[in-house]
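Each remark here refers to the structure printed beneath this line.
Laboratory data are not the source of any read-out in this text; all were calculated from the coordinates shown. As the structure is a computational prediction, the values presented were derived from the model and not from experiment. Neighbour counts are summed over all protein chains in view; Cβ atoms, including those assigned to glycine, are modelled from backbone coordinates with ideal geometry.
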Amino acid sequence: MQNRHKTIVVIGTGGTIAGTAASAADHTGYTAAQINVAQLLAAVPTLSGQPLEVLQLAQVDSKDMDFGVWRALALAVDQAVARPEVAGVVITHGTDTLEETAWFLQAVLAPAKPVVLTAAMRPSTALSADGPQNLADAVAVAAWPQARGVVAVLAGRVHGAADVRKAHTYRVDAFDSGDAGPVALVEEGRLRILRPWPQGPATGVQSLLALEPTAWPWVEIVTSGAGAQARAVQALVRAGVRGLVVAGTGNGTIHSALESALTEAQGQGVTVWRASRCGMGPVLGDHPRGWPSAGSFTPAKARVALMLELMRA
Ligand code: ASP
């Protein structure tokens, strides 16, 4: 049963869910981040009467997400979950970088209460906008007493922060959890649990929040593929990069031209991790040069994880 007496804090950050287009038929030529979170909630009549508190933290297209917003968001979420009267937090977000924000918040805060990211593939003005149902489902999950940690709720599915990724450019059910599969389904405001709730790290990397984002370790992704160029790595090392995630071919394999440059980079103190550009599946086994696998993380999520790892070091 949902916890309908405790407060849910709903934090708006922008995205297509808050986007508007000139025509109801237009699903691509819209402007993201136009309407505020109170207006988003007003479009969901089933939420009236539920104790909701609203905070408009940012208003950005999430393709432009930056570390300043991340830091402010993490601090706001941390404050909200610390309040005894708060059951959980909902964050409205763009779909483009949602998987990165999800892992960032999970790894930094390791929240004991539910922190639920939601988004939409269609703008609020669309004939059949997906935002209102996603928002209703996200509030249902945030009020679910057994829920905890950071999850994403879209198209009736609950995805864990470590697994969620945007897997389609256009479809309304654009998100999946790779091999892990969704944690639960949301059906008529109730959760049908499909697998054990993800645990996430026991403690967060809160030390990051004490630093200005300009001081956060700089990590980039280099993609391996036909004709890969050592000079891409060399340029990043010259510019001061601290970590490199290689979006490798297949099972994290790396073009020999990049391998030599990465070995040199490592000699200069740059940390190298291997992920895969496949989009599905873990990177298994050891690499002859000892570069660790990023497990099942997408390259985008591995980049966030490596940044946090460098903070711990
Ligand atoms: N560019 C948009 C954003 O990420 C896309 C979306 O939300 O679906 O904010």
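Summary of computed values
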{"read-out": "Inter-centroid distance (Cα atoms) of the range 30-107 relative to the range 176-232, Å", "value": "17"}
{"read-out": "Per-pair calculated FRET efficiency, R0 = 51 Å: Ser256 and Tyr170 via Cβ, rounded to 0.05", "value": "0.90"}
{"read-out": "Ordering of 242-253, 34-45 by burial proxy (mean other Cβ atoms within 10 Å per residue, highest first)", "value": "242-253, 34-45"}
{"read-out": "Hits among lysines - C-alpha to C-alpha of Lys301 under 19 Å, sequence gap 8 or more where chains match", "value": "Lys63, Lys166"}
{"read-out": "Peptide ranges 206-214, 11-19 listed from the most packed, as the mean C-beta count within 10 angstrom indicates", "value": "11-19, 206-214"}
{"read-out": "Computed log₁₀ I(q)/I(0) - Debye formula, equal Cα scatterers, no solvent, the chain, q 0.15 Å⁻¹", "value": "-1.17"}
{"read-out": "Distance in nm between pseudo-label sites at Asn36 and Ala180 (7 Å out along the Cβ direction from Cα)", "value": "3.5"}
{"read-out": "Two-site FRET efficiency, Ala226 against His5, from Cβ-Cβ distance with R₀ of 51 Å, rounded to 0.05", "value": "0.30"}
